[in-house]
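Chemist: Please see the structure below; I have some questions.
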Amino acid sequence: MARLPLQPADHLEVISALSLRPTFASAVGGFDQAVWNSTLDWRLHELVRMRVAMINECTVCLGWRTPMAVEAGVTDEDLAAVTDPADPRFSPAESVAIEYAARFCTDSARIDDAFMARLNEQFDPGEVVELTLVIAKYLAMGRFMQVLGLDQACSLQMTATGTVVST
């Protein structure tokens, strides 16, 4: 249940909350669409998304799966393993991306040049920017929804076109 007063509506509470500040709603929508259109491999995208969800303890993100990642063969076992980036099921790029997500979310000030060198061995500069912004989106929106109580009221699923539906 939302932790701020919202007008009753036939849509998700997060939409009602964002509609209180249309400029932010537009920016969040654009950011969300950019992340949805990410060129990152969907397996990697989902592994990173799940690591952030675990850190955020976001019930919505923990409960749904990105359809493209499911199509790419990501399993619940893969997602459960993201707490250990060294798990042999992960490629070197996946391992460093999962570690990056955890460090970005929990101790970003301590990400040193040696770690960034490891990240740059696996990703080109544009991919590093994209990965960073994907992680940032999930971190920010997960916490936004959690703190305001917007993630407790529904279960979300996305259609293949990226439309969010509640169940």
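Chemist: Using Cα springs under 10 Å in a Gaussian network model of the chain, which residue among ASN56, ASN120, ASN37 shows the largest mean-square fluctuation?
Modeler: It is ASN37.
Chemist: Could you work out how far helix 22-36 tilts from the main Cα principal axis of the chain, as a 0 to 90 degree angle to the nearest 10?
Modeler: 40 degrees
Chemist: Longest segment of the chain with no trypsin sites (Lys or Arg not before Pro) in a DSSP loop having at most 15 other Cβ atoms within 10 Å?
Modeler: 4-88
Chemist: Once both axes come from the Cα atoms, what is the angle between helix 113-122 and the longest principal axis of the chain, in degrees from 0 to 90, rounded to 10?
Modeler: The answer is roughly 90 degrees.
Chemist: Also: Using helices alone, I'd like the mean residue ellipticity at 222 nm for the chain: each DSSP H run of four-plus residues gives -39500 (n - 2.57), total over residue count, nearest 500.
Modeler: My calculation for the chain gives -18500 deg cm²/dmol from helical runs alone.
Chemist: Could I ask something else about it? In vacuum, with every alpha carbon of the chain counted as one equal point scatterer, what does the Debye formula give for log10 I(q)/I(0) at q = 0.13, 0.19 Å⁻¹? Two decimals, please.
Modeler: -0.64, -1.29
Chemist: On to the next question. In a GNM of the chain with a 10 Å cut-off on Cα contacts, which of LEU133, LEU18, LEU44 has the highest mean-square fluctuation?
Modeler: Looking only at LEU133, LEU18, LEU44, the largest GNM fluctuation is found for LEU18.
Chemist: Follow-up. Working from Cα positions, state the angle (0 to 90°, nearest 10) between the long axis of helix 125-147 and the longest principal axis of the chain.
Modeler: Taking the Cα atoms of the chain, the angle to 125-147 is about 40 degrees.
Chemist: Explain nothing, just the number: relative contact order of the chain, from Cα pairs under 8 Å at least 6 residues apart, as a whole percent.
Modeler: Over the chain, the number comes to 34 percent.
Just so you know, all these numbers are worked out from the coordinates, no wet-lab data involved. Source: prediction; values computed, not measured. Neighbour counts are summed over all protein chains in view; Cβ atoms, including those assigned to glycine, are modelled from backbone coordinates with ideal geometry.
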